[in-house]
């Protein structure tokens, strides 16, 4: 059962402000894997617990180091892969600031699913030349997502203040 639209809108607002939509990449046994990633970082635990109660995962707590005793405790909730794609898919209609990252993350997820099918089916890409490897396009999508998250980047205005 999907959460209420108001809960999804609230979670999207938290992700837009204190969260992130990005992509992770890792290399194992000479093969590069990419996956969508979504998370929230902040000093109020409640939004993290909300995300974890709906989509799973754990909320991690980080205490400030001794030299930063004036800082508050930080919390983090992160999902990757299929579960992250579920979150992004559900909140995408409500994302304002990070909508483009969300759209690219879902394209990355679609490419991942196609890649999984290719490993189990000899001719998963009948429209592509023999030996087609989707990995370079997944890496490019992951890089595009991360480039949208660069600090100082100007975000397009996605709402109107006109009455």
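Nothing in this text is a laboratory measurement; each read-out follows from the coordinates by a stated rule. Quantities reported herein were computed from a predicted structural model and do not represent experimental measurements. Counting neighbours? That spans all protein chains shown, and the Cβs are built from the backbone with ideal geometry, glycine included.
Taking R0 as 30 Å, what FRET efficiency do you get between residue 1 and residue 146 from their Cβ-Cβ distance, rounded to the nearest 0.05?
Result of the calculation: an efficiency of 0.35.
Give me 4, 110, 80 sorted ascending by neighbouring Cβ count inside 10 Å, so fewest comes first.
4, 110, 80
When 59, 38, 7 are ordered from fewest to most other Cβ atoms inside 10 Å of their Cβ, what list results?
In order of increasing Cβ crowding within 10 Å: 7, 59, 38.
Counting other C-beta atoms within 10 Å, which of 65, 29, 98 has the fewest, and how do the rest follow?
Ranked by crowding around the Cβ, least crowded first: 29, 65, 98.
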